[in-house]
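What follows is a set of notes on a single structure, which appears directly below.
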Amino acid sequence: MRVYKDKSREITIPKDVNLTELLHTNAVSLAPSHLIASDSLTNRSLTIGELRSRAGRIAHGLNERYKPRERARWAVILPNCVEYIELFHALLWVGGVGCPINHALKPVELAHALAVSRPEYIFAYGAFLANVVEAIKIAKADVERTGASWKDPTVMTVIDRHSSHAHAPDDFLGSQILPVPHYTDTSTRLASIHLSSGTTGAPKGVELTHYNFVANVYQLYAHDPAQFHPACRTVAFTPFVHIAMTTPPLFFGPWTGALHHAMPAPFNMNTFGSLVSSVRPTSFQGVPSIALQIANTDITNHHDFSNAEVINCGGASMTPELVARLCSKAPWEIIQVYGMTEGAPYVAYQRKGQKLPAGGIGNFLPNIEAVLKISGTSDDAPEGGPGELWIRGPNITERYCGVSAEANAKAFPVAEGQKWYNTGDVCTIDKDGIVSVVGRTKELIKYKGFQVSPTELESHLNSHPSVIEAGVGAVWDESQLTELPTAYVVLKPEVADGQVARVLREIHDQMDGLVSGYKKLRGGVWTVTKLPKNATGKIVRAQLRDHLTGPCSLYDRNSRAKL
């Protein structure tokens, strides 16, 4: 078996340091007054000294009031705010397991998350308490249908107080601090159950340990210490419940001194611009939809982006033209990032100043091993790939919860006595260890036996001057018994209604000239008002087929969406 690993970059990661102990150490010396968090929802701010003190006092109050059992599960159903950070640390301090859940979900969706995690305690955003209460009823019924039981959880409100519930953190803030816990093996101590942001099926519960998170913090800093420093500032709009914005503000930021300003949902570009002018961030979240909006609008002309150092991009490839356009908007350097919930979350990262080949992301973080497999088999792909990426390392989860043993075995295959995580991503790894993602096993379009990568086509579409953003999926052509690559584009507002058909045909014609025959957009180019995405801006390709409406570049629209 061919294993890709840079042994020269291995680091020591302690197994006896938990996340509460990590909170009391730093990568560099920080004064207790060093600011590490602020927010737009409650207009609060938090220093590293205050976080240590308040989290310990809240933990003491929770322990006195509820005397929770070791490893009790605590759901955190909150928007981005300072309270989120201190309550999550408090529940870890008291020996609990955090279960982050998006507060904006509908009751049925909340119920699924609760049925997977089955928390004993819930921190609930007071403004959405009714939804949480309804979700608990639905979840209990779902759990009971499986033959299991789940006791009614204790619900505490946050931000908006309700008289019928205890209110956190206020009701638990005493003068005493709970002693800092210590575990000899943090790889066996669960820290969170995160719902994966998978693009198909119901989300799975990803079990992440203290060791997984501590490892990712150590890996990131060792990988590129120049990129992460105490003067770093970020306007954090990705929900904290998502893994992409869990490790940075909760663990990595307090350890390195980086400040995260919590911007609650829903995202608004003008609000974001105003926060950029006031917070003066150095580091930006370049999720695909936001990066495209910045590149294709004049927002940087109206707000102060002059403090920018890096914009972290992941989830979509960009053409040189789009990269140049984005780079012209602010004095930042584009940093390519690759990660997943199962990796807590970062797996590969571009170093500051590192030059990459076209489509490259960067090197794996220290201590990560990888293999490339022929899709659907345990056979090695040709050296360098492309192949299905399997990984293992100290930051990688060992299992899912809420799924069958068969599902876990499929996601975590064993090869030559070693357990791996099958990412489902199709990747290449060059001689310098640079990783490139060329598609997903489940997302690759198969046209008459040829595999077509949606991300490649999207990179071309996103560089067209009339396109704000684009997604590519497949439609099924019954007459040819094959999938057809199909594009969905959001056009710029200056494209008048009477010009839409002509512009779509121009985009289609340009694409035909850029790609090989089997990659042509035989399903057409369709205009849509928006693309379906998850919380971090990743396109949900399974839902693209629902958008076969409106103008199209084709005259013949007899094809139907793939079932």
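What the table below lists for this structure:
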read-out: Filtered residues of segment 303-350 (kept if under 18 Å from Ala226 (Cβ atoms) and of a type in the set (Gly, Ala, Ser)); value: Ala308, Ala348
read-out: Residues of segment 388-431 satisfying the condition of being over 22 Å from the mean Cα position of the chain (by Cα), under 22 Å from Lys7 (Cα atoms) and in contact (Cβ under 8 Å) with a residue 24 or more places away in the chain; value: Ala415, Glu416, Gln418, Lys419, Ile429, Asp430, Lys431
read-out: Inter-residue pairs, beta-carbon under 7 Å, first assigned by TED's automatic domain parsing to the domain that holds Pro493 and under 22 Å from Thr341 (Cβ atoms) and in segment 528-551, second at pLDDT below 80 and not in a loop (DSSP other than H, G, I, E, B), 6+ apart; value: Lys533/Ser289; Gly537/Pro288; Gly537/Ser289
read-out: Among the residues listed as Leu178, Leu195, Leu173, the single one being in contact with a strand residue (DSSP E or B) (Cβ under 7 Å, 6 or more places away or on another chain) and touching a residue at least 60 places away in the same chain (Cβ under 8 Å); value: Leu195
read-out: The listed residue being modelled with pLDDT under 95 and farther than 15 Å from Gly433 by Cα, out of Gly360, Gly315; value: Gly315
read-out: Of residues in segment 411-443 being of a type in the set (Gly, Ala, Ser) and in contact with a Ser or Thr (Cβ under 9 Å, 6 or more places away or on another chain), the one modelled with the lowest pLDDT; value: Gly439
read-out: Residue selected from segment 256-273 under the condition hydrophobic (A, V, I, L, M, F, W, C), surrounded by fewer than 23 Cβ atoms within 10 Å (Cβ to Cβ) and not in a loop (DSSP other than H, G, I, E, B), by the criterion modelled with the highest pLDDT; value: Phe272
read-out: When residues of segment 78-104 are limited to those that are of a type in the set (Gly, Ala, Ser) and farther than 16 Å from Ile193 by Cβ, the one surrounded by the most Cβ atoms within 10 Å (Cβ to Cβ); value: Ala90
read-out: Odd one out for Leu129, checked against (1) outside any helix (DSSP H, G or I); (2) surrounded by 19 or more Cβ atoms within 10 Å (Cβ to Cβ); (3) not acidic (Asp, Glu); value: (1)
read-out: Looking only at segment 521-543, and only at residues there that are under 24 Å from the mean Cα position of the chain (by Cα) and not in a loop (DSSP other than H, G, I, E, B), the one that is surrounded by the most Cβ atoms within 10 Å (Cβ to Cβ); value: Ile539
read-out: Some residue of segment 488-501 being crowded, with 19+ Cβ neighbours inside 10 Å, more than 28 Å from the chain's Cα centre (by Cα), part of a loop (DSSP other than H, G, I, E, B) and at pLDDT 90 or above; value: no
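Here is a yes/no grid of residues against (1) in contact with a helix residue (DSSP H, G or I) (Cβ under 8 Å, 6 or more places away or on another chain); (2) of a type in the set (Gly, Ala, Ser):
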{"position": "Gly56", "(1), (2)": "yes, yes"}
{"position": "Asn63", "(1), (2)": "no, no"}
{"position": "Ala90", "(1), (2)": "yes, yes"}
{"position": "Val94", "(1), (2)": "yes, no"}
{"position": "Gly98", "(1), (2)": "yes, yes"}
{"position": "Leu105", "(1), (2)": "yes, no"}
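The values are calculated or read from the model by the stated rules, or taken from the named source; none is laboratory data. No experiment lies behind these values; they were computed from the predicted model shown. All Cβ positions, glycine included, derive from the backbone under ideal geometry; neighbour counts span all protein chains shown.
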